[in-house]
Amino acid sequence: MDQYNKTSYAISKVVTKSYSTSFSLGIAAFSPQYRDAIYGIYGFVRIADEIVDTFNEFDQKKLMDNFRKETEEALKTGISTNPVLQAFIHTVKEYKIDYHYIDAFLTSMEMDLTNSYYEPQQYKDYIYGSAEVVGLMCLQIFAGNDKKLFDQLVEPARSLGSAFQKVNFLRDIKSDMEERERIYLPGVNHAIKIDDASKQDLEKEIELEFKNALIGIKKLPVGVKLGVYSAYLYYQGLFKKIKRLKIKELMSQRVRVSNTTKLALLLRGVLEIKIFRFT
């Protein structure tokens, strides 16, 4: 089993690196004892996201139903023949990750197959399940057995996950509408024109959430602070570029942060945390 678990985590690491250079850089900045578990979380989340976003030529509902069943069966038995799912299950068992978070995440993924737009409460539920609980799963890993630390950082972790997801919504607005026929702006549907006022409202929410999240990042264990702060800086950089654009411009391009800039942001994180004692 040890070799199988080791191989499963290695595969989840490949999945992470293949899909996200920014998160890969952040995870690489973690102390070694945290990395496999976070790869386990990301691999699981990535596969579910791919099912609902890109497997368009197949029966996505059936695939998602099967993925949920496989996940729930593996949680009961403690084993899966799917290596990515095995890495996730092993992480869940080791860190006693709350099943509620897993269920909320899968429910949000299922919502993507039935919803093309979201009313305000649905929107909140979707963000909670698709992003905030992922942050909370990671927080359970970071905090370990320190329940006091976990409880203290729950709200900042939720704010960080929410801010990241909302930045993703704005970055991906073109592909979400054109390729998946989805709109992730609360109360905005295909009959209502998306305008710059809607964008600015969302940006105000993001700014507040980033502010709240930073308070929590400063209290994270030393072994993960740099990695999380690097991801924070990356999304801040992406957000600043998005803020300068009108909706019309976002509908014609996908905003990116170059790999050179990502490395520069990581270096900035190192300087602020290691040298200037970021607290």
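The values are calculated or read from the model by the stated rules, or taken from the named source; none is laboratory data. All values derive from a computational prediction rather than experimental measurement. All Cβ positions, glycine included, derive from the backbone under ideal geometry; neighbour counts span all protein chains shown.
For (1) modelled with pLDDT of 95 or more; (2) of a type outside the set (A, V, I, L, M); (3) closer than 19 Å to residue 98 by Cβ; (4) in contact with a Cys (Cβ under 8 Å, 6 or more places away or on another chain), each residue gets a yes or a no:
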site: 48; (1), (2), (3), (4): yes, no, yes, no
site: 51; (1), (2), (3), (4): yes, no, no, no
site: 56; (1), (2), (3), (4): no, yes, no, no
site: 65; (1), (2), (3), (4): yes, yes, no, no
site: 76; (1), (2), (3), (4): yes, yes, yes, no
site: 83; (1), (2), (3), (4): yes, yes, no, no
site: 86; (1), (2), (3), (4): yes, yes, no, no
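Which of the residues that make up the stretch 165-207 are polar (S, T, N, Q) and farther than 14 Å from residue 250 by Cα? It would help to see each step written out before you state the result.
Step one: filter the stretch 165-207 for residues polar (S, T, N, Q), giving 165, 168, 175, 189, 198, 200.
Result: 165, 189.
From 67, 44, 23, 55, grab the single residue that is out of contact with any Phe, Trp or Tyr (no Cβ under 8 Å at 6 or more places or on another chain), of a type outside the set (A, V, I, L, M) and either buried (at least 17 other Cβ atoms within 10 Å of the Cβ) or in contact (Cβ under 8 Å) with a residue 24 or more places away in the chain (or both).
Numbers: 44 fails: out of contact with any Phe, Trp or Tyr (no Cβ under 8 Å at 6 or more places or on another chain); 23 fails: out of contact with any Phe, Trp or Tyr (no Cβ under 8 Å at 6 or more places or on another chain); 55 fails: either buried (at least 17 other Cβ atoms within 10 Å of the Cβ) or in contact (Cβ under 8 Å) with a residue 24 or more places away in the chain (or both).
Testing whether each residue is out of contact with any Phe, Trp or Tyr (no Cβ under 8 Å at 6 or more places or on another chain), of a type outside the set (A, V, I, L, M) and either buried (at least 17 other Cβ atoms within 10 Å of the Cβ) or in contact (Cβ under 8 Å) with a residue 24 or more places away in the chain (or both) leaves just 67.
Is there any pair with a first residue in the stretch 139-159 that is over 17 Å from residue 41 (Cα atoms) and a second that is among the β-branched types (Val, Ile, Thr) and surrounded by fewer than 16 Cβ atoms within 10 Å (Cβ to Cβ) whose Cβ atoms are under 6 Å apart and which are 6 or more apart or on different chains, and what are they?
Matching pairs, first to second residue: 156/215.
For residues in the stretch 78-93 being assigned to a loop (DSSP other than H, G, I, E, B) and touching a residue at least 12 places away in the same chain (Cβ under 8 Å), which is nearest to residue 40 (Cα to Cα)? Even if it seems obvious, please write down each step before you answer.
Taking the stretch 78-93 as the starting set, the residues that turn out to be assigned to a loop (DSSP other than H, G, I, E, B) are 78-82.
Narrowing further to those that are touching a residue at least 12 places away in the same chain (Cβ under 8 Å): 78, 82.
Working: 78: 14, 82: 12 Å.
Top of the filtered list is 82.
Tell me which residues, restricted to the stretch 190-213, are part of a loop (DSSP other than H, G, I, E, B) and either surrounded by 13 or more Cβ atoms within 10 Å (Cβ to Cβ) or free of Cβ contacts under 8 Å to residues at least 60 places away in the same chain (or both).
If we filter the stretch 190-213 for residues that are part of a loop (DSSP other than H, G, I, E, B), which is where we start, we get 190-195.
Matches in the stretch 190-213: 191, 192, 193, 194, 195.
Of everything in the stretch 219-246, what is more than 21 Å from residue 33 (Cβ to Cβ) and not in a helix (DSSP H, G or I)? Give them in sequence order. Break it down stepwise before answering.
Quick first cut of the stretch 219-246, residues more than 21 Å from residue 33 (Cβ to Cβ) only: 232-246.
Across the stretch 219-246, the qualifying residues are 244, 245, 246.
Residues that are buried (at least 19 other Cβ atoms within 10 Å of the Cβ), of a type outside the set (Gly, Ala, Ser) and at pLDDT 95 or above, at least 3 per element: which helices (runs of 4 or more DSSP H) completely within the stretch 104-180 meet that?
Numbers: elements: 120-127, 133-143, 147-171, 173-180.
Here the list reads 133-143, 147-171.
Please give the number of the condition residue 63 fails out of (1) aliphatic (A, V, I, L, M); (2) closer than 24 Å to residue 180 by Cβ; (3) in contact with a Ser or Thr (Cβ under 7 Å, 6 or more places away or on another chain).
Evaluating residue 63 over (1) aliphatic (A, V, I, L, M); (2) closer than 24 Å to residue 180 by Cβ; (3) in contact with a Ser or Thr (Cβ under 7 Å, 6 or more places away or on another chain) leaves (3) as the failure.
Tell me, yes or no, whether the stretch 225-234 has at least one residue that is exposed (fewer than 12 other Cβ atoms within 10 Å of the Cβ) and β-branched (Val, Ile, Thr).
The first filter runs over the stretch 225-234 and keeps only residues exposed (fewer than 12 other Cβ atoms within 10 Å of the Cβ), leaving none.
Within the stretch 225-234 (the criterion being exposed (fewer than 12 other Cβ atoms within 10 Å of the Cβ) and β-branched (Val, Ile, Thr)), the answer is no, since none of the residues qualifies.
One residue is enough: does the stretch 228-240 have a residue meeting the conditions over 27 Å from residue 31 (Cβ atoms), out of contact with any Cys (no Cβ under 8 Å at 6 or more places or on another chain) and either at pLDDT 95 or above or not β-branched (Val, Ile, Thr) (or both)?
Here is the first cut: in the stretch 228-240, the residues over 27 Å from residue 31 (Cβ atoms) are 239-240.
Remaining after also requiring out of contact with any Cys (no Cβ under 8 Å at 6 or more places or on another chain): 239-240.
When the remaining residues are screened for being either at pLDDT 95 or above or not β-branched (Val, Ile, Thr) (or both), the result is 239-240.
Taking every residue of the stretch 228-240 in turn, at least one turns out to be over 27 Å from residue 31 (Cβ atoms), out of contact with any Cys (no Cβ under 8 Å at 6 or more places or on another chain) and either at pLDDT 95 or above or not β-branched (Val, Ile, Thr) (or both).
Kindly list, by first and then second residue, each pair from a residue in the stretch 256-279 that is of a type in the set (Asp, Glu) to a residue that is at pLDDT below 75, limited to pairs with Cβ atoms under 7 Å and residues at least 6 apart or on different chains.
Here the result reads 272/278, each pair linking the stretch 256-279 to a residue that is at pLDDT below 75.
If a residue has to be more than 22 Å from the chain's Cα centre (by Cα) and either under 15 Å from residue 6 (Cβ atoms) or surrounded by 14 or more Cβ atoms within 10 Å (Cβ to Cβ) (or both) to count, how many in the stretch 80-94 make the cut?
Narrowing the stretch 80-94 to residues more than 22 Å from the chain's Cα centre (by Cα): 80-81.
Next cut, either under 15 Å from residue 6 (Cβ atoms) or surrounded by 14 or more Cβ atoms within 10 Å (Cβ to Cβ) (or both) only: 80.
Selection size over the stretch 80-94: 1.
Test residue 187 against the stated conditions and say whether it is small (Gly, Ala, Ser) and closer than 30 Å to residue 149 by Cβ. Write out each step before concluding.
Numbers: small (Gly, Ala, Ser): yes; closer than 30 Å to residue 149 by Cβ: no.
Answer is no for this residue.
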